[in-house]
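Undergrad: Here it is, the structure in full.
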Amino acid sequence: MVPGDAGDGSLVSSFEATSLTSQLDSLPSASADMQLLVGEGSMQAGIRSADLRDMFDHYLSLRPSKGVMPSREAFNPAALPRHLPNIFLVEIELQPDGRPNYRYKVFGTALSVLFGAEMTGKLVSEFPDPNRAERSRRILDHVALLRRPVRTAGNFVSKNGMSVFGESIVLPFGEGDKVTHVLADLDYDQHD
């Protein structure tokens, strides 16, 4: 099913988001559950974190025109320095069979502490927790396929056993209709 556009970048059909949610729910997890929003309009209404709204507004300002994703070159991490500890940037590398691999080009220091691994330069599939790696790959596949931003939110347990509510935005960058990079920004709070 090809998603329709409601004119504001939101999906008319929730089939893809529902399908991804059910795929993610079927994975064994380290106490993670997810809620997903896909597309500009639904994300603007649904992002709770002020920091993530700031990043999303910045992302939208980088687009050459409405509905067109910005190029990777348009994003300068130094423009939003307070976000750096909580972002990751992946580059999409195609395997010989045409399937994508995702390589972390940047993996923020706070993320390294939260997840217990420094991933810069490594593939998403090399993430120490295979279930988290698979969830990440499926979300990245989804963003690359739809060429639309996604917001995820849910509870999970960090590497050090901390119960966390996390919200993230996952943003495609590319040329024309080809996604070449995906940027994610994560905001999280410890809870009892």
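The values are calculated or read from the model by the stated rules, or taken from the named source; none is laboratory data. These numbers come from a predicted model, not from an experiment. When we count neighbours, we look across all protein chains shown, and the Cβ atoms used for this are built from the backbone with ideal geometry, even at glycine.
Undergrad: Across segment 136-192, which residue is surrounded by the most Cβ atoms within 10 Å (Cβ to Cβ) among those that are in a strand (DSSP E or B) and of a type in the set (Ser, Thr, Tyr)?
TA: So the residue we want is SER168.
Undergrad: Still on this structure: Could you say whether any residue in segment 85-101 is among the aromatic types (Phe, Trp, Tyr) and modelled with pLDDT under 95?
TA: Within segment 85-101 (the criterion being among the aromatic types (Phe, Trp, Tyr) and modelled with pLDDT under 95), the answer is no, since none of the residues qualifies.
Undergrad: Could you please let me know if ARG103 is within 19 Å of PHE56 (Cα to Cα), among the basic types (Lys, Arg) and in contact with a Gly (Cβ under 9 Å, 6 or more places away or on another chain)?
TA: no
Undergrad: Determine whether VAL157 is at pLDDT 90 or above and in contact with a strand residue (DSSP E or B) (Cβ under 9 Å, 6 or more places away or on another chain).
TA: Considered against the rule, which asks whether it is at pLDDT 90 or above and in contact with a strand residue (DSSP E or B) (Cβ under 9 Å, 6 or more places away or on another chain), VAL157 comes out as no.
Undergrad: Out of ARG72, ARG63, which single residue is among the charged types (D, E, K, R) and under 16 Å from the mean Cα position of the chain (by Cα)?
TA: ARG72
Undergrad: Here are some conditions: (1) of a type outside the set (Ser, Thr, Tyr); (2) modelled with pLDDT of 90 or more; (3) farther than 24 Å from LEU111 by Cα. PHE75 meets all but one. Which one does it not meet?
TA: (3)
Undergrad: How many of the residues in segment 44-67 are modelled with pLDDT of 95 or more and of a type in the set (Ser, Thr, Tyr)?
TA: Result for segment 44-67: 2.
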